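Next up is a structure, given as structure tokens.
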Amino acid sequence: MTEFSTRVENVSISGIREVFEAAGDDDINLGLGQPDFPTPEHASQAAVEAIESHEADPYTGNKGIPALREAIAGAYDREYGLSVDPGDVIATAGGSEALHLTLEAHVDAGEAVIFPDPGFVAYDALTTIAGGDPNPVPVREDLTLDPATVEDAITEDTAAFIVNSPGNPTGAVASEDDVREFARIADEHDVLCISDEVYEHIVFDGEHHSPMAYAETDNVVTVSACSKTYSMTGWRLGWVTGSNRRIERMLRVHQYVQACASAPAQYAAEAALSGPQDPVEEMVATFEERRDLVVDGLEDAGLSVPTPSGAFYAMPEVPEGWCDEVLDRGVVVVPGEAFGENGRGYARLSYATGTEELKEALEIIDAATRAVR
Ligand code: PLP
């Protein structure tokens, strides 16, 4: 008998956590993956009302309250003209649980899951927890994922590939052509495309496209969340949508590990999705200004950085020892290798931080870069 499962023994602790543990209280933190804006008032208020009226006391249905699933389906229609059946949506504990359910329901022991490297830290870990084999693939020089790289990596053991646009840690946004290609690959190779769209509304250049719009089979499952769009990371509310037969399989996992997403959070999410969207527009406009500030600041410091078109991260190429030097001078950044082997030689900077702090951080970065050059 083993003391711990091999699957879990093979999961390492996120490199991001190590960075935070090394950070001091007065440091400027460019490491965070959450917007520095409050949750929209009408969303918080809806949760307060549901709590005070005791409507949010009991378990909800496993998939979530109908009003929320209708609001999610309504948002797909409003934003992208996509028809989603509210019955084919599961409200989850954040995008994280949605990814977990998708992988648990589709990956068998020894099957591979392809995902971008550098990429979101959970892809490797959740694939391993599901018993699968992580297959990280490099991104292009502009940090986007090349569909040809994905197609070349597919073998008969591939269960799924993950697309994440806008991307964490890169901020890269996939072009419409690439997204069409991802849909074609899912169709032709009969492999599941898991589209992680948690940053779908934080796009500055071009538009967000979902492979769900282009696939002819049901081989696309879409994951999203209120976390980033509505600055609701702590509420833990996301969702997954796909064909009915896929959702029913995922529900078998969700009903036992979670029963239902937190009820107060479901009421807040319903209000966030169906209420006024101007808080989102204001936040995105601010992120775009900061994106420009950060890219200019990094380039002035002599660093090369692909201009991120979405999310709230920039990923410059940095010289050896740069991250330690910047941290020693009081700015927290995440070394690129925390997001995969191909992230080595890069760093992730989050600009979900006040503009004045960002300006100060950029001055420190400028001095630190001169010191290590
Ligand atoms: N997917 C990506 C790409 C993310 O960056 C994150 C969070 O940082 C998640 C999923 C998980 O989101 P949530 O906080 O909704 O679980």
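The values are calculated or read from the model by the stated rules, or taken from the named source; none is laboratory data. The model shown is predicted, which means the values in this text are computed figures rather than measured ones. Using ideal geometry, Cβ is built from the backbone for each residue, glycine included, and neighbour counts are taken over all protein chains shown.
What number of residues within the range 60-102 satisfy the criterion of being closer than 17 Å to HIS201 by Cβ and part of a helix (DSSP H, G or I)?
Of the residues in that region, 13 qualify.
Evaluate the following for LEU143: is it closer than 18 Å to TYR313 by Cβ and crowded, with 18+ Cβ neighbours inside 10 Å?
Criteria met by LEU143.
If you take the residues of the range 59-102 that are within 16 Å of the ligand (Cβ to nearest atom) and of a type in the set (Ser, Thr, Tyr), which of them is nearest to PRO134 (Cα to Cα)?
Checking each candidate, the answer is THR102.
Can you name the residue in the range 224-237 that is of a type outside the set (S, T, N, Q) and surrounded by fewer than 24 Cβ atoms within 10 Å (Cβ to Cβ) and, of all such residues, is nearest to the ligand (Cβ to nearest atom)?
ARG236
Starting from the range 232-248, keep only residues that are in a loop (DSSP other than H, G, I, E, B), then list their pairs with residues that are away from the ligand (no atom under 16 Å from the Cβ) whose Cβ atoms are within a distance under 6 Å, requiring at least 6 positions of separation or different chains.
Listed pairs, sorted by first residue: SER243/ASP218.
Say we look at the range 103-125 and pick out the residues that are near the ligand (Cβ under 10 Å from one of its atoms) and part of a helix (DSSP H, G or I); which of these is nearest to SER262 (Cα to Cα)?
Looking at residues that are near the ligand (Cβ under 10 Å from one of its atoms) and part of a helix (DSSP H, G or I), I get ALA122.
For the range 290-299, indicate whether the set of residues that are part of a helix (DSSP H, G or I), modelled with pLDDT of 95 or more and under 20 Å from the mean Cα position of the chain (by Cα) is non-empty.
Yes, the range 290-299 contains at least one residue that is part of a helix (DSSP H, G or I), modelled with pLDDT of 95 or more and under 20 Å from the mean Cα position of the chain (by Cα).
Within the range 94-110, track down each residue that is surrounded by fewer than 21 Cβ atoms within 10 Å (Cβ to Cβ) and in contact with a strand residue (DSSP E or B) (Cβ under 8 Å, 6 or more places away or on another chain).
Hits for the range 94-110 are SER96, ASP108, GLY110.
Out of all the residues in the range 238-258, which are aliphatic (A, V, I, L, M) and within 15 Å of the ligand (Cβ to nearest atom)?
Once the filter is applied, which keeps residues that are aliphatic (A, V, I, L, M) and within 15 Å of the ligand (Cβ to nearest atom), the range 238-258 yields VAL240, VAL257.
Scan the range 213-229 residue by residue and report those that are under 16 Å from GLU79 (Cβ atoms) and in contact with a helix residue (DSSP H, G or I) (Cβ under 7 Å, 6 or more places away or on another chain).
Passing the criteria: ALA213, TYR214, THR222, VAL223, SER224, ALA225, CYS226, THR229.
Let me ask something else. Have a look at GLU197, GLU181 and point out the one that is of a type in the set (Asp, Glu) and either within 30 Å of ASP278 (Cα to Cα) or in contact with a strand residue (DSSP E or B) (Cβ under 9 Å, 6 or more places away or on another chain) (or both).
That would be GLU197, the only listed residue that is of a type in the set (Asp, Glu) and either within 30 Å of ASP278 (Cα to Cα) or in contact with a strand residue (DSSP E or B) (Cβ under 9 Å, 6 or more places away or on another chain) (or both).
Looking at (1) more than 16 Å from the ligand (Cβ to nearest atom); (2) touching a residue at least 24 places away in the same chain (Cβ under 8 Å), which one does GLU356 not meet, given that it meets all the others?
Going through (1) more than 16 Å from the ligand (Cβ to nearest atom); (2) touching a residue at least 24 places away in the same chain (Cβ under 8 Å) one by one, GLU356 breaks only (2).
May I pose another question? Tell me, which residue of the range 187-223 that is within 30 Å of THR286 (Cβ to Cβ) and in a helix (DSSP H, G or I) is farthest from the ligand (Cβ to nearest atom)?
Taking the candidates together, the pick is ALA213.
Looking only at the range 23-46, how many residues end up being part of a loop (DSSP other than H, G, I, E, B) and either within 16 Å of the ligand (Cβ to nearest atom) or at pLDDT below 95 (or both)?
Residues in the range 23-46 being part of a loop (DSSP other than H, G, I, E, B) and either within 16 Å of the ligand (Cβ to nearest atom) or at pLDDT below 95 (or both): 14 in total.
Spot the failing condition for GLY33; the list is (1) more than 30 Å from VAL191 (Cβ to Cβ); (2) outside the structural domain of HIS201 (by TED's automatic domain parsing), and only one is missed.
Here GLY33 clears every test but (1).
Okay, next question. Mind counting the residues in the range 144-186 that are within 12 Å of the ligand (Cβ to nearest atom) and assigned to a loop (DSSP other than H, G, I, E, B)?
8
If a residue has to be charged (D, E, K, R) and under 12 Å from PHE115 (Cα atoms) to count, how many in the range 132-166 make the cut?
So the count comes out to 3.
Take VAL332 and decide whether it is aliphatic (A, V, I, L, M), crowded, with 24+ Cβ neighbours inside 10 Å and in contact (Cβ under 8 Å) with a residue 60 or more places away in the chain.
no
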